[in-house]
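Asks: The structure under discussion is supplied below as structure tokens; questions concerning it will follow.
Every number here is computed from the coordinates shown, using simple stated rules; none is lab data. Being a predicted model, the structure only gives us computed values, none of them experimental. Glycine gets a Cβ as well: all are built from the backbone with ideal geometry, and neighbour counts include every protein chain shown.
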Amino acid sequence: MITVDQALAIVLASVEPLGSESVRIDQALGRVLAEDIVADCDLPPFDRARMDGYALIAADVVDTPATLSLIGEIPAGQSFEGTVSRGNAVKIFTGAPIPLGANAVQKVEVTESDGATVTIKERTEPGQFITPRASEVKSGDTAARKGEAIGPAVMAVLASFGYSSVRVAIQPKIAVISTGSELVEVAQKPVGAQIRNSNTFTIASYASQAGARIEILGIVPDRSEDIVKALEAAASHDLVITSGGVSMGDYDLVKAVLLEMGANVSFDKVSIRPGKPTVFARRERTYFFGLPGNPVSTSVTFNVFVRPAIRKMLGAQKTTLPTVTARASCEIRDGSTRRSYLPARAFISDKQMTAEPLKWGGSSDFVAFMNANGLIVVPEDVHLIPAGSDIELMLLNPF
Ligand code: AMP
Ligand code: MG
């Protein structure tokens, strides 16, 4: 059986970025940059006042109070035509360009003016309250890099450097299919041995958060011909994610159907717990993940294998979820010889990231899993972790 690292390496070596497209800035939130963002101007574009006050020559305000002649004013959006010479000052407002000749600003709070003159009551140093031209960014600098996600703060950068449209990664189109003859739609009341389909919505949500475009293809019963039909219907997508039907039971048909359809199955078992029967396959230009149906197994395998595939398709800089070193809040026992991903609640205690495994009923317990914000990674050969030890924690809600 292949290891988690081997399986992930296969996935990442298989899928490729899908290319780029241009979108308007107001459509770009959450997309991944497919070009470097280059500054087309200095920031600030001129020496800029940081305070409302008076632009002056610092040498005039060594001994205070000092009274200067007022020769004009500069609201934001305007420039001063003249030059400030010794003994003069110009009234200035935050964000306005410093007039020629002036080398400092003194804030209005420590001044007194009668309209014709201004008296400065505090010594003023050269450069005071001036943000020099290009001190933040120089024209031609790269301000944001290809592969970065576009969040609200990146928006300001796009806007300020004139990117009314921007090249972003093409989003993978993903089909989500839930297999299982026991499944009924959310709006239905399950009877007898039925259960409601929840995996579709978990997978679709994770995939959408990872940056993909989702099409929900619903529930498919455990019958080969129905599974074939559903997978055929999904064949125009970049990626198809199924849940259920990959274990060893007589009605676990997903892998057999993939093979029958001529798909190339890269792996169908991984040394991971939960999630051992995870399937990864390809047919023509479509990739398939067959995830196990138990809802926690579905979530774990999505985050460990599928999310990186989506991020790679998006050309993202980082494909896997980040892991940090945390402290075990209690003793952890794990009999498995596979690598375990234990749902955990991480919190800060004494300035130290601490993780506590959830009390849960196993990989069907999706209600307990709601409280997980991380997965404790227990290596294959570790079976007992004493309380207080360092552990590896995969963060489910990355920054
Ligand atoms: P399977 O992987 O098909 O053997 O399913 C394992 C367990 O997960 C069974 O108890 C299923 O009822 C449950 N399960 C499978 N698919 C879903 C789904 N879409 N939503 C919720 N539970 C599911
Ligand atoms: Mg099933």
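Asks: In whole Å, what is the distance between the alpha-carbon centres of region 344-399 and region 1-25?
Replies: Between the Cα centres of region 344-399 and region 1-25 lies a distance of 26 Å.
Asks: Quick one: Asp238, Asp381, fewest Cβ neighbours within 10 Å first, how do they rank?
Replies: Values: Asp238 20, Asp381 7.
Going from least to most buried by this count: Asp381, Asp238.
Asks: Taking the Cα centre of the chain as origin, work out the dipole magnitude from +1 charges on Lys and Arg Cβ and -1 charges on Asp and Glu Cβ, in debye rounded to 20. Write down the numbers at each step before the final one.
Replies: Values: 38 positive and 44 negative charges, 141 e Å.
The dipole magnitude comes to about 680 debye.
Asks: Using the Cβ atoms and a cut-off under 12 Å, what net charge is assigned to the surroundings of Arg339, where Lys and Arg are +1 and Asp and Glu are -1? Don't skip to the end; give the middle numbers.
Replies: Details: positive: Arg273, Lys276, Arg338; negative: Asp5, Asp334, Glu380, Asp381, Glu392.
Neighbourhood net charge equals -2.
Asks: Under the 0.36 nm per residue contour assumption, what length would be gained going from the current alpha-carbon distance of Lys229 and Glu284 to full extension?
Replies: Details: separation 55, 0.36 × 55 = 19.80 nm, distance 1.67 nm.
Full-extension gain reported as 18.1 nm.
Asks: Run lengths n ≥ 4 of DSSP H only: what is the helix-derived mean residue ellipticity at 222 nm for the chain, with -39500 (n - 2.57) per run over all residues, to the nearest 500?
Replies: Working: 8 runs with 67 residues, N = 399.
Computed mean residue ellipticity for the chain: -4500 deg cm²/dmol.
Asks: Starting from region 235-318, pick out the trypsin sites (Lys or Arg not before Pro) whose DSSP state is loop and whose Cβ has at most 13 other Cβ atoms within 10 Å.
Replies: In loop regions of region 235-318 (DSSP not H, G, I, E or B), the sparsely surrounded trypsin sites (Lys or Arg not before Pro) are Arg285, Lys318.
Asks: Which chymotrypsin sites (Phe, Trp or Tyr not before Pro) in region 161-246 pass both tests, a DSSP loop state and at most 16 other beta-carbon atoms within 10 Å?
Replies: On the way: sites: Phe161, Tyr163, Phe201, Tyr206; in loops: Phe161, Tyr163.
In loop regions of region 161-246 (DSSP not H, G, I, E or B), there are no sparsely surrounded chymotrypsin sites (Phe, Trp or Tyr not before Pro).
Asks: Let me ask you something else. Cβ neighbours within 10 Å, averaged per peptide: list 91-100, 64-73, 31-40 in order, most packed at the top.
Replies: Working: 91-100: 20.2, 64-73: 15.7, 31-40: 18.6.
Top to bottom by mean Cβ count within 10 Å: 91-100, 31-40, 64-73.
Asks: Moving on to the next point. Name the residue, out of Ala116, Ala13, Ala169, whose mean-square fluctuation peaks in a Gaussian network model built on the chain with Cα pairs under 10 Å.
Replies: Top of the fluctuation ranking is Ala116.
Asks: In region 329-383, which trypsin sites (Lys or Arg not before Pro) fall in coil by DSSP and have 10 or fewer other Cβ atoms within 10 Å? Please report the intermediate quantities before stating the final value.
Replies: Values: sites: Arg333, Arg338, Arg339, Arg345, Lys351, Lys359; in loops: Arg338, Lys351, Lys359.
Within region 329-383, the qualifying trypsin sites (Lys or Arg not before Pro) (loop, at most 10 other Cβ atoms within 10 Å) are Lys351, Lys359.
Asks: Computed FRET efficiency, Cβ-Cβ of Asn371 and Thr325, R0 25 Å: what is it to the nearest 0.05? Kindly include the intermediate steps, with their values, before the conclusion.
Replies: Working: r = 22 Å, r/R0 = 0.86.
About 0.70, to the nearest 0.05.
Asks: May I ask for the net charge around Asp252, where only other residues with Cβ less than 11 Å from the Cβ of Asp252 are counted and Lys, Arg are +1 while Asp, Glu are -1? Don't skip to the answer; put the middle values down first.
Replies: Numbers: positive: Lys255; negative: Asp222, Asp250, Asp268.
After counting each charged neighbour, the total is -2.
Asks: Do any of Lys146/Lys318; Lys269/Lys312; Lys255/Lys276; Lys189/Lys229; Lys255/Lys312; Lys173/Lys312 go past 19 Å between their Cα atoms, and which? Provide the component values of the computation, followed by the final result.
Replies: Values: Lys146/Lys318 12 Å; Lys269/Lys312 22 Å; Lys255/Lys276 14 Å; Lys189/Lys229 26 Å; Lys255/Lys312 24 Å; Lys173/Lys312 13 Å.
Checking Cα-Cα distances, Lys269/Lys312; Lys189/Lys229; Lys255/Lys312 exceed 19 Å.
Asks: Which one, Gly30, Gly315, Gly249, has the greatest fluctuation when you compute a Gaussian network model over the chain with C-alpha springs under 10 angstrom?
Replies: Result for the chain, Cα springs under 10 Å: Gly249 fluctuates most.
Asks: Can you grab the distance from the C-alpha centre of region 186-262 to the C-alpha centre of region 106-125, Å, no decimals?
Replies: 73
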